[in-house]
Amino acid sequence: MKLVFIHGAGSSSLAFYYQLQHFRNSKALDLPGHPNGRPCPTIEQYLEWVRGFTTARRYKNMVICGHSMGGAISMLYALRYPEEVRGIILLGTGARLRVHPDFMQLGRDSVDDDSAWLENQMAYYPGVAKDMVQSLKRRSKEIGPSVELNDLMACDQFDVMNEIQNINLPTLVVCGDQDTMTPVKYADYLSENIPGAKKVIVPGASHFVQLQKYKQVNASIEEFVASLKN
């Protein structure tokens, strides 16, 4: 099976550093604009880019794991092209991703001076190793606030609350118990409405659960993938 990781808004493949170290032959994508190229304006267009990427490389037996906006892309993949996917893993995400206006205003205000925006970015990573945080900071600066703003606007339009009951694939839902951006109630909704979905709530983790508590997250992913082989 091929594990494919899809990052969230304004993020990059670096968000899955510990998963790439653990799961050999896995792939974490850098979506357009993160930092190279131009970002896609909608989740649907990101989906088609991801599908083009995976199809061109002839990935088979894919398990798609998406964080935040990447989770939105993963859900759409499962809804639109279920025959191409073995299962999906949804990290810190929701069936609807409304974004607080303050986050988008910060992006608009940071075009000429990204210092406040960059400081806010670093607040996402409590409990993450310092050297990892420095790498994430450098990558965030490369990507920039305008790309994150683009992504947040795309997320704000995303809503599959009335569709997720049609997802007919094995699904794992993972959320940190301290996540305020995509709180536990979002994970509850996903697990209650996607048939057969399994939910894992990780204690002591916030939005970047896969970086903060990577051992627990990796173990949950490993167990889920193993269940697909049975």
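Read-outs: derived from the displayed coordinates by stated rules, not from any lab. Here the structure is a predicted model, which is why all the values come from computation and not from measurement. Note that we place each Cβ from the backbone using ideal geometry, even for glycine, and neighbour counts take in every protein chain shown.
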As I understand it, the value is the acute angle between the Cα axis of helix 184-193 and the longest principal axis of the Cα atoms of the chain; what does it come to in degrees, rounded to 10? 30 degrees
Give me His100, His67, His34 sorted ascending by neighbouring Cβ count inside 10 Å, so fewest comes first. His100, His34, His67
Enumerate the lysines that Lys229 could reach by cross-link, defined here as Cα to Cα under 17 Å, with residues fewer than 8 away along the same chain left out. Lys2, Lys60, Lys198
What's the extension gain from Ala129 to Met104 if we count 0.36 nm per residue and subtract their Cα-Cα distance? 6.2 nm
Overall Cα dimensions of region 5-113, principal axis frame, Å, largest first: 43, 28, 24
Computed for region 189-230: size of charge dipole around the Cα centre, +1 on C-beta of each Lys and Arg, -1 on C-beta of each Asp and Glu, debye to nearest 20, value 80 debye
Give me the dipole magnitude in Debye, nearest 20, for region 66-151 about the Cα centre, with unit charges on the beta carbon: positive for Lys and Arg, negative for Asp and Glu. 340 debye
Straight distance only, please: which aspartates and glutamates reach the Cα of Lys141 with their own Cα at less than 16 Å, same-chain residues fewer than 8 apart left out? Asp30, Asp109, Asp112, Asp113, Asp114, Glu119, Asp131, Asp151
Measuring from the longest principal axis of the C-alpha atoms of the chain, the long axis of helix 43-56 (C-alpha) lies at a number of degrees, nearest 10, equal to 60 degrees
Rg/Rh for region 107-230: what does it come to with C-alpha atoms and Rh from Kirkwood? 1.02
Mind ranking 52-60, 176-184 by how tightly packed they are, going by the mean number of other C-beta atoms within 10 angstrom, highest first? 176-184, 52-60
Debye calc, one equal point scatterer per Cα of region 2-228, no solvent, log10 I(q)/I(0) at q = 0.09, 0.18 1/Å comes to -0.31, -1.44
